[in-house]
Amino acid sequence: MAKEEWEGTTFVIQLISTDSSMKDVLAGIEKIDLVLQRDTLDIDLRYNAIFLDGATVSYKDIKYIREQNPVKPILYKLPLVTSQTVTKNIQAVCNAYNIQTLDEYLVGEQIADVVKKVLFEEEYTEGKRVITFSGTHSGAGVSTTTLNVAKALAERVTNKVVVLSLNPWDPADYFTEYRGKHLDDIKVDLKTKNLTEQKLLDSTFLIDGFHLLAGNRDVKLQRYYKPEEIHHLIKVAKQTFDVVLIDTGTHFDNACYAQAFMESEMKFLVTTQEPKGYRGYWPHIFHQLVQPMGAKAEDFMLIINQYESELSLISEKDLSEELDMFLLASIPDEGTLGAQAILRKSLLYDIATRDYRNSISTIASSIISRSKLNVREDFNASEGRKGFFGFFSNKKVVQP
């Protein structure tokens, strides 16, 4: 390397990748002065750190690269693979050689955020006012909970609220007389990054004071939404609305969930007292898919849906301890009212019992506090407040 190339530089990173856009991402980081892109490792260069693109560098070469660079920081962006076992094996290898892994679903600015944190210890701000609702198993009630919380929020705050249904397997358009577009309808705009604030607004359906973008209906597209597309959608949603609620459903092995997880400030996990969810499905999902993204159990706040205080069922305390999560709210089982609400094309919040409404209000209150939303001056909160503070009178209070 010529001497003049080094003059005035303070931090050089060697990038092993055939993707030119990756170089642009790293070069855009203020503290990185020079990015040296190569197809293979060049040990004759002078550099401070190494970034390995898993699409170019096989994990089998990691041992050799670390041996050549025993001290320098090394980052490895995982490749897109279909086997979660392979992904976990790659991460195990990286951990063994003290190499920082980056999730395969990360895109440009997210990659830059991780690099800044790892190399320069810069803490970055997570996406503001983005809230995800996920479920431990099918039938946990994620869509129902998300939509009813959105209604409770919309009637209490002046902020613009939107629900994005990002469950590729369930459009969640059957709760209302939905007349908006679906996720698959705007696929081309997402792919070409031509979705604008106005286009998104026009694609949603306004119901009970909040906007809804229904999910995917095209079975053939279920696994074909790319990280860049969903990142673009969430970015435009944040620009268009004040608070974004995302229904991710119960599937975690897709770009929709990964992007929602990485962009969200608050994460709710919805479960029931059914062992197949909290004891059967979720532990495998958490360890194989969610934990590799850098998640910890305490990143989630727990919501128990369809709760019944039967001695034969697991208690709130035991369920909270088993999942190692703080329990925010237990939503009572409303029996056939849920089916009646769907038949009427209305939300359960409209016809449910006071206990149900109080539980939903508790969740809405936590979002209002954490996201610093503006409460309507004319909102009559007497019933909601009673439920909110009544709930916390015998429970540990969440610190926003």
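Read-outs: derived from the displayed coordinates by stated rules, not from any lab. As the structure is a prediction and not an experimental result, all values here were calculated from the model. Ideal geometry is used to build each Cβ from the backbone, glycine not excepted, and the neighbour counts take in all protein chains shown.
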Length gained when the stretch TYR64-LYS317 is fully extended (0.36 nm per residue, less Cα-Cα span):
86.2 nm
In the Gaussian network model of the chain, springs joining C-alpha atoms below 10 Å, which of TYR64, TYR178, TYR356 carries the largest mean-square fluctuation?
TYR64
For ASP39, what charge total do you get from the other residues with a beta carbon under 14 Å from its beta carbon, if Lys and Arg give +1 and Asp and Glu give -1?
-2
To the nearest 20 debye, what charge dipole does the chain have about its Cα centre, counting +1 at the Cβ of each Lys and Arg and -1 at the Cβ of each Asp and Glu?
360
Rounded to the nearest 5, what % of the DSSP beta bridges within the chain are antiparallel ones?
10
Angle, helix 382-392 long axis vs. longest principal axis of the chain, Cα atoms, 0 to 90°, nearest 10?
60
If r is the Cβ-Cβ distance from THR336 to LEU221 and R0 is 41 Å, what FRET efficiency results, to the nearest 0.05?
0.75
Hey, for a label at GLU308 modelled as a point 7 Å past Cα toward Cβ, could you say which residues of segment 245-287 have their backbone N under 14 Å away?
272-275
Where a Cα-Cα gap under 26 Å defines reach, which lysines qualify for LYS72, not counting those fewer than 8 residues away within the same chain?
LYS3, LYS23, LYS31, LYS60, LYS63, LYS88, LYS116, LYS117
Taking 0.36 nm per residue of separation between GLN239 and ALA96 and subtracting their Cα-Cα distance, the length gained on full extension comes to 47.4 nm
Counting other C-beta atoms within 10 Å, which of TRP169, TRP282 has the fewest, and how do the rest follow?
TRP169, TRP282
